[in-house]
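Working notes, beginning with the structure itself.
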Amino acid sequence: MELSRFQKILLAALAGMLVFFGVLMAVLRARPGVLFEEGLLSITEEEGRTVYSGRALGDPVTITVAWPANFETDVAFTIGDQVHDLCKVVYPTEPVQTEHGNSVGGILVTKNGETLFEGGYNPEDSFGWYDKSGAWIPSAGLQIRGHSSGDPWYGYETTAGTAVRFAFGPETAARGDPAIFALAVFLTALTAAQIVFHRQLFRWRHWAARDPEPSEGYLALERIGWVVLLCVTAGFYIAAVVSIY
């Protein structure tokens, strides 16, 4: 089967995308970071501290975690010129008997010298926050903020939940969604099959006709369809590598 120059160009473009984005996915997945305000922060281990750095919402971000004494963790937040917070997490303090009948470790979280939260905390449950009397307050670690078109950090406050998340060691993520990438690879194979076997597919769809052959108009529409499929495939590849998973 002889392929036209146009078909060869499209097939080369598909193969190039598969190789390029495949290598890029492998590199990105091998470099995990920490998700923070829609940005992915890199992790650097230094003597006695861990530094999370990168960009989020267009501004440089540095979060430094240090352990100055037993049961204490300092978490310093620097976000551009807007936020400079020093949080201290003390855990565990005196145990707290919860309303559910179990006991959790006490925790004290301060920010710039002022108490953010004091009560009980269950590190195995992101909603495991309790006041000093043991009442469950799952919203204690959450942040609710508004939005402003002019300031992406509008309403941002460093919460007890954010400080504790970094103090305890946040879960890592990486750019590159394997599921979306797999879909892009499937579309690559599908598009390549459409390009290489388009006449056989045409005959298979019109099997009842005698010696069916596509018209020039049909072939022109097919070429447009191939380009559209290639563009859609490229979109999925791009979505796969920019997604944080």
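Would you work out the charge dipole size for the chain about its Cα centre, treating the Cβ of every Lys and Arg as +1 and the Cβ of every Asp and Glu as -1, and quote it to the nearest 20 debye?
For the chain, the charge dipole is close to 1480 debye.
For the chain, what relative contact order do you get, as a whole percent, if you take Cα pairs closer than 8 Å and at least 6 residues apart?
Averaging sequence separation for qualifying contacts and normalising by length gives 17 percent for the chain.
Within 13 Å, Cβ to Cβ, of Val241, how many net charges do the neighbouring residues add up to if Lys/Arg are +1 and Asp/Glu are -1? The partial results should precede the final answer.
Details: positive: Arg29, Arg31, Arg175; negative: Asp177.
Overall, the nearby charge balance is +2.
What helices does the chain hold that run 20 Å or longer along their axis, going by alpha-carbon atoms, with a Kyte-Doolittle average of -0.5 or more, using DSSP H for the helix calls? List each step's numbers first, then the result.
On the way: long enough: 5-29 (35 Å, 1.68); 178-196 (27 Å, 2.04); 216-242 (39 Å, 1.51).
Span-like helices, by this rule, are 5-29, 178-196, 216-242.
In straight Cα distance, which aspartates and glutamates are under 17 Å from Lys88, not counting same-chain residues fewer than 8 positions off?
Leaving aside aspartates and glutamates fewer than 8 places away in the same chain, those within reach of Lys88 are Glu72, Asp74, Glu114, Glu118, Glu157.
Across bins of 10 angstrom width beginning at 0, how are the C-alpha pair distances of region 20-130 distributed, in whole percent?
That works out to 13, 32, 32, 17, 6, 1, in percent per bin.
Expected output is a single nm value to one decimal: the length gained when fully extending between Val228 and Glu157, i.e. 0.36 nm times separation in residues minus the C-alpha distance. What is it? The partial results should precede the final answer.
Details: separation 71, 0.36 × 71 = 25.56 nm, distance 4.48 nm.
Difference between extended and current length: 21.1 nm.
What number, in percent, do you get for the relative contact order of region 81-156 if the mean sequence gap of Cα pairs under 8 Å and at least 6 apart is divided by its residue count? If you can, show how the numbers build up before the last one.
On the way: 133 pairs, mean separation 15.4, N = 76.
The value is 20 percent.
Which FRET efficiency value, to the nearest 0.05, is calculated for Ile244 and Glu124 with the Förster distance at 22 angstrom and r the Cβ-Cβ distance? It would help to have the intermediate numbers written out before the result.
Numbers: r = 24 Å, r/R0 = 1.09.
Once the sixth-power term is evaluated, E becomes 0.35.
Select from Ala182, Thr64, Thr159 the residue farthest towards the positive end of the dipole of the chain; place +1 on Cβ of Lys and Arg, -1 on Cβ of Asp and Glu, and compute about the Cα centre.
Ala182
Regarding the chain, what is the average projected area of its C-alpha convex hull, in nm²? Kindly include the intermediate steps, with their values, before the conclusion.
Values: hull surface 83.9 nm².
The Cα convex hull of the chain, projected and averaged over all directions, gives 21.0 nm².
Rounded to the nearest 0.05, what FRET efficiency is calculated for Asn112 and Leu24 with R0 set to 41 Å and r the Cβ-Cβ distance?
0.50
Could you work out the helix-only [θ] at 222 nm for the chain, with each DSSP H run of four or more residues adding -39,500 (n - 2.57) and the total divided by the number of residues, to the nearest 500 deg cm²/dmol?
-12000 deg cm²/dmol
Bear in mind these aren't lab numbers, they're just calculated from the coordinates by the rules spelled out. What you see is a predicted model; the values in this text were computed from it and never measured. In this analysis, Cβ positions are derived from the backbone assuming ideal geometry, glycine residues included, and neighbour counts consider all displayed protein chains.
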